[in-house]
Amino acid sequence: MLQPLGLDEVAHAVYRFALSQPGCRLDDLLLHLDGGEHEIRRSVDRLLELALLRPVSGTLVPTRPPLALRTLLQRQQSELLRREREFTQIKAAVDRLSEEYEYAQAPGSHAGWERLETRAAIHARMERLAGKSTIECLSLLPADNPADDLDARRPMDQHMLERGVSVWNLHLESICNDRATLNYARWLMSNGGGVGTVPTLPLWLVIYDRTTALLSIDPNDPAAGAVEVTGAGFLTGLVALFERIWATMTPLDADETSADDGPSPVEREVLRLMGQGLTDEAVCKKLGIGLRTLRRTIAELMDRLGARSRFEAGAIAVDRGWLRPCPCSSDRPPRPKDKAQSVEADSPSGTRTSVFA
């Protein structure tokens with residue numbers, strides 16, 4: 001029972017005898033207990049050291065274990081905490097050495113990729129890349145991405161801004177519905193960063209100095225992790241994607257009033273996504289808005305267009321120039337058409353096909 005305290009069976013027997021015979025002497029122990037004199041004397045010394053026995057006028061009196069062992073337990077707990085801290089430090093050192101080894105094996109100009117499967121691994125890589133950046137950091141930040149922890153991003157962004165690194169972020173326009181994200185975006189702007197909003201974003205993406213990028217493995221499953229890519233070919237395409245989206249962005253907190261009563265960017269995107277045949281739930285997910293908000297937006301669009309159905313709203317939107325149907329803009333491959341259908345659809349005088357069909 002006392003083995004975890006470093007006491008063997010002889011010590012246990014000595015303690016039990018002292019409990020049954022308070023005030024016993026060493027001679028009583030030698031007379032009634034099995035074991036050699038050396039083992040019994042050693043056990044008595046250990047029990048006295050642990051304060052489980054105390055000497056009183058040449059006799060041995062047992063003490064109350066909870067009080068006597070409290071100091072020992074605290075000492076053991078402190079030792080466990082020390083070893084845990086030591087283990088954490090050793091693990092961190094091994095992780096750093098492993099990362100340095102991997103970077104040393106791949107030349108900076110080599111095109112490659114590395115999969116990062118956990119949130120901790122993604123944040124650690126972001127911290128490393130942000131610390132090395134000297135020019136700029138470009139980010140596409142869709143909603144509900146676990147890799148995008150604002151508490152972790154803020155100190156990294158602040159460190160880059162203080163070093164003169166340009167930080168440019170693109171958020172969904174639904175950012176106004178998320179107070180924490182909106183406050184973060186306004187903080188970034190107030191510290192010299194650039195922030196814009198767009199109706200939809202294709203994926204989570206962060207580009208450092210146009211040489212290294214982190215992007216989501218599966219835009220529909222943020223928990224799948226991210227991948228780090230390098231190489232001029234990859235980065236040229238990713239930077240072009242960012243710049244193309246940035247060209248269509250609306251500055252954060254910009255005045256959204258429209259003189260010609262045309263659709264806002266969000267309303268235009270609603271029309272486009274509905275035209276692709278997406279369900280209301282799928283549109284909500286892409287826009288980062290709630291189902292009620294979406295249906296209220298659709299109802300307002302139908303009212304402004306004077307349409308009695310979504311089908312009619314799509315047709316009128318095309319007529320007004322609010323929307324241009326294009327097979328290549330769909331998330332799904334276009335269905336093959338026979339020659340007769342193609343001639344009729346492409347003819348200016350042909351029957352108009354609604355984007356909501």
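The residue pairs whose first member lies in the range 234-245 and is assigned by TED's automatic domain parsing to the domain that holds T211 and part of a helix (DSSP H, G or I), whose second member is surrounded by 11 or more Cβ atoms within 10 Å (Cβ to Cβ) and among the polar types (S, T, N, Q), and whose beta carbons are closer than 7 Å, counting only pairs six or more residues apart or on different chains, are L235/T211. Checking V56, V94, V61 one by one, the residue that is of a type in the set (A, V, I, L, M, F, W, C) and modelled with pLDDT under 80 is V94 and no other.
Can you confirm whether L53 is in contact (Cβ under 8 Å) with a residue 24 or more places away in the chain, closer than 27 Å to Q76 by Cβ, touching a Cys at 6+ places or on another chain (Cβ under 7 Å) and buried (at least 16 other Cβ atoms within 10 Å of the Cβ)?
no
Selection of helices (runs of 4 or more DSSP H) fully inside the range 272-357 by the criterion of at least 3 residues being modelled with pLDDT under 75 and of a type in the set (G, A, S) returns 339-346. When we screen A104, A121, A143 for residues that are surrounded by fewer than 14 Cβ atoms within 10 Å (Cβ to Cβ), hydrophobic (A, V, I, L, M, F, W, C) and either within 23 Å of A180 (Cα to Cα) or at pLDDT below 90 (or both), the only hit is A104. What number of residues within the range 209-233 satisfy the criterion of being surrounded by 17 or more Cβ atoms within 10 Å (Cβ to Cβ) and assigned to a strand (DSSP E or B)? Residues flagged as surrounded by 17 or more Cβ atoms within 10 Å (Cβ to Cβ) and assigned to a strand (DSSP E or B) within the range 209-233 amount to 9. When the range 184-208 is limited to residues that are closer than 17 Å to R153 by Cα, touching a residue at least 60 places away in the same chain (Cβ under 8 Å) and surrounded by fewer than 19 Cβ atoms within 10 Å (Cβ to Cβ), the one that is farthest from the chain's Cα centre (by Cα) turns out to be M189.
Considering only the range 15-33, I want to know if a residue exists there that is under 30 Å from L80 (Cα atoms), of a type outside the set (D, E, K, R) and either surrounded by 15 or more Cβ atoms within 10 Å (Cβ to Cβ) or modelled with pLDDT under 85 (or both).
Of all residues in the range 15-33, those under 30 Å from L80 (Cα atoms) come to 15-16.
With the extra rule that they be of a type outside the set (D, E, K, R), the set shrinks to 15.
Keeping just the survivors that are either surrounded by 15 or more Cβ atoms within 10 Å (Cβ to Cβ) or modelled with pLDDT under 85 (or both) gives 15.
There is at least one residue in the range 15-33 that is under 30 Å from L80 (Cα atoms), of a type outside the set (D, E, K, R) and either surrounded by 15 or more Cβ atoms within 10 Å (Cβ to Cβ) or modelled with pLDDT under 85 (or both).
When the range 31-51 is filtered for residues that are more than 15 Å from Q21 (Cβ to Cβ) and either assigned to a loop (DSSP other than H, G, I, E, B) or in contact with a His (Cβ under 6 Å, 6 or more places away or on another chain) (or both), the ones remaining, listed by number, are D34, G35, G36, L50, A51.
The values are calculated or read from the model by the stated rules, or taken from the named source; none is laboratory data. Worth saying up front: this structure is predicted, and the values here are computed from it rather than measured. Every residue, glycine as well, gets a Cβ built from its backbone with ideal geometry; the counts of neighbours run over all protein chains shown.
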